[in-house]
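To start, the structure under review is shown below, and the notes come after it.
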Amino acid sequence: MLSIAFVPSAALLLVALFIGGFLVQQAIQDRDDAENGAVTMAEASQGIAALQRDRAVALRAPGSRSATYTAYADRIDAALSSLREIARSAPDAEVGYQQTIAVELLAVVEGMDRSDSLAVAGIDDEGRRDYAADVGAYRSRLDAVAGKMTESNRQAYRNLVASVDWSRFGAVETALSAATPPSVGQDAWRVAAGVVGRSLGDLAARQIEYSAQLAIDAGRRVLSGALAAATSIALLAGVVMAIVLQLARRLPIPVIRCPSRVEATPQAWSHLVSDYAEKSTLLAHTRR
């Protein structure tokens, strides 16, 4: 009886351990993916910044500016696309949402830097369309993502928009897009461009840090929950196993006993005949 009770209880315990191990393994994988995604996003943002610096230098060099502009734009767009994929595959919905905002801010920084690099290199009639398109695209993207940032980033953005540097830089962008002389001098323009670029870069950097911390915290929560669930399942299976074995010990077990002795061998035919003769003689005498 104990053996019969032990087998399903042990099977239940093994299944519980298997499920718990699977949950923990999956949680570790999710945590590693979240942390790796955060690290990849930070490294990619640094790589994009390096490409932007190289582009600014390359556009000032003699040669085909259009080819140089396109080559760097394609490389940076490919990096942004890979970051968007990381955000879409985030294990946590909130982490993915915040990572998407971070990528959009990086795209804003890239649009601003791309158009500013063209402006510094000199804009001809052919490049003016690209410049105006880049300015319009990054400003529209910034307006769309501004309300989705963290509260501290929203406040920083409001401060930037209200600053003199933002107004000066915007005035130059408008003038260059319309092929009219800017109302701001070269020095003031470059100072304003530096302030705007750094401010937008800080917004993106803080958003990346925030999304990275969310990813790390979410991964740790998933792992902690999986460990707790695995422990609970194993304990429950152990308790069930102990209860079943205890009940099995208390059940009455029927005992089948063998007879202590065997019936005697029937009498031989000779004895039966002799006994019958004696009884017949006694009956005959009784009748007489």
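None of the figures in this text is laboratory data; all of them are computed from the coordinates on show. Not measured: the values here are computed from a predicted model. Neighbour counts are summed over all protein chains in view; Cβ atoms, including those assigned to glycine, are modelled from backbone coordinates with ideal geometry.
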What is the distance in Å between the Cα centroid of segment 31-70 and that of segment 172-189?
27
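Once fully extended, how much extra length lies between S183 and A228, figured as 0.36 nm per residue of separation less the alpha-carbon to alpha-carbon distance? Show your work: numbers first, answer last.
Details: separation 45, 0.36 × 45 = 16.20 nm, distance 6.51 nm.
The S183-A228 span can extend by a further 9.7 nm.
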Distance in nm between A71 and R129 label points, each 7 Å along Cα→Cβ, equals 2.3
Across the alpha-carbon set of segment 2-232, Rg over Rh with Rh taken as the Kirkwood radius works out to 1.21
May I ask you to derive the FRET efficiency for V120 and Q25 from their Cβ-Cβ distance with R0 = 45 Å, giving the value to the nearest 0.05?
0.30
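Could you calculate the contour length gain from D32 to Y97, that is, 0.36 nm times the residue separation minus the distance between their Cα atoms, to one decimal place in nm? Please report the intermediate quantities before stating the final value.
On the way: separation 65, 0.36 × 65 = 23.40 nm, distance 1.85 nm.
Extending this stretch completely gives an extra 21.6 nm.
Order by neighbour count: R190, R114, R31, fewest other Cβ atoms within 10 Å first, most last.
With the fewest neighbours first, R190, R114, R31 line up as R190, R31, R114.
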How large is ³J(HN,Hα), in whole Hz, for each residue of segment 107-122 in order, when computed from phi with the Karplus curve 6.51 cos²θ - 1.76 cosθ + 1.60 and θ = phi - 60°, using x for Gly and Pro?
5, 5, 4, 5, x, 5, 5, 4, 5, 5, 5, 5, 5, 5, 6, x
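P(r) tail for segment 68-144, what percent of Cα pairs lie past 15 Å? Let's see the in-between values first.
Numbers: 1733 of 2926 pairs.
Pairs farther apart than 15 Å: 59 percent.
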With labels modelled as points extended 7 Å from the Cα through the Cβ direction, what inter-label distance (nm, one decimal) is found for V57 paired with V239?
6.7
